[in-house]
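Notes follow once the structure below has been shown.
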Amino acid sequence: MPGALRRSWVRSMFNNILLAIGLGLLLASLALAILLLNERRVRRSHLIAERHRALGLPEGELVYEDADGLGEPLSSSGYPLVGKPDYVVKLADGRPVPIELKLNVHDITAPHSNHMIQLAAYCLILEDYFVQAPTHGILRYADREFTVEYTPALKKKVIRLLTEMARCNEQQPPPLANQRAAKCRVCTFQAICPVGRNK
């Protein structure tokens, strides 16, 4: 083999070896990047599952959170309702479950009716956000938790109360005899309510 041909052959072999090494390094880098991304995804999934368990939420995907007060308000398109449940978990069957925390309430044997209405109002709002309507919600008190079924009767009660609220005006104020000042200060009817006007 003449010298020039031999040098060309060696150069060609050297280039082929460099190309193979370069491709090998590129593939190894891609595999490492995929492994790192997968590791992050798995770690994130474990952290989410661990937080989910620590919060005592039902099995499913946590799709909304306002326990810290930073959640966006949810609103109904069909009713004058806006609300911010503490948590919403989407179950495996696609149904949402609103969870409301009332951790300052102790030693109760049944959920308070106003809390049940609040939870049902969240269920009514969530009907606009999910294909399947909620079937229940959860009220969590300081030392006890209640599952509240979202029945047609409870839904009708929320709608009836909304209708009654819509009728309130200065001549027909809300039917209250007494209320805590803190609640009156944040109520949209304070200006026309004889109970809350001076609080």
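The table below gives the values:
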| item | result |
| --- | --- |
| Residue within region 163-181 that is closer than 26 Å to Gly69 by Cα, of a type outside the set (D, E, K, R) and assigned to a helix (DSSP H, G or I) present | yes |
| The lone exception for Arg51 - which of (1) under 30 Å from Glu164 (Cβ atoms); (2) of a type outside the set (Ser, Thr, Tyr); (3) surrounded by 11 or more Cβ atoms within 10 Å (Cβ to Cβ) it fails | (1) |
| Identity of the residue in region 55-68, surrounded by 13 or more Cβ atoms within 10 Å (Cβ to Cβ), in contact (Cβ under 8 Å) with a residue 24 or more places away in the chain and of a type outside the set (A, V, I, L, M, F, W, C), that ends up nearest to Asp128 (Cα to Cα) | Tyr64 |
| Which listed residue is over 26 Å from Thr188 (Cα atoms) and either assigned to a loop (DSSP other than H, G, I, E, B) or open to solvent by less than 70 Å² (accessible area, probe 1.4 Å) (or both), from Ile125, Ile108, Ile99 | Ile108 |
| Residue count for region 69-85, restricted to those that are touching a residue at least 24 places away in the same chain (Cβ under 8 Å) and outside any strand (DSSP E or B) | 7 |
| Selection within region 111-122 - of a type outside the set (Phe, Trp, Tyr) and surrounded by 14 or more Cβ atoms within 10 Å (Cβ to Cβ) | Pro111, His112, His115, Met116, Ile117, Gln118, Leu119, Ala120, Ala121 |
| Residue that is within 22 Å of Gly60 (Cβ to Cβ) and under 15 Å from the mean Cα position of the chain (by Cα), where the choices are Val148, Val88, Val131 | Val88 |
| Any chance Glu72 is surrounded by 13 or more Cβ atoms within 10 Å (Cβ to Cβ) and either more than 20 Å from Thr151 (Cβ to Cβ) or among the acidic types (Asp, Glu) (or both) | no |
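The values are calculated or read from the model by the stated rules, or taken from the named source; none is laboratory data. Since this is a predicted model, take the numbers as computed values, not measurements. All Cβ positions, even for glycine, are placed from backbone atoms using ideal geometry, and neighbour counts span all protein chains on display. Ligands, DNA and RNA are stripped out before the accessible areas are found, and what is left, the full protein with its side chains, is counted by its heavy atoms. Shrake-Rupley method; radii C 1.70, N 1.55, O 1.52, S 1.80 Å.
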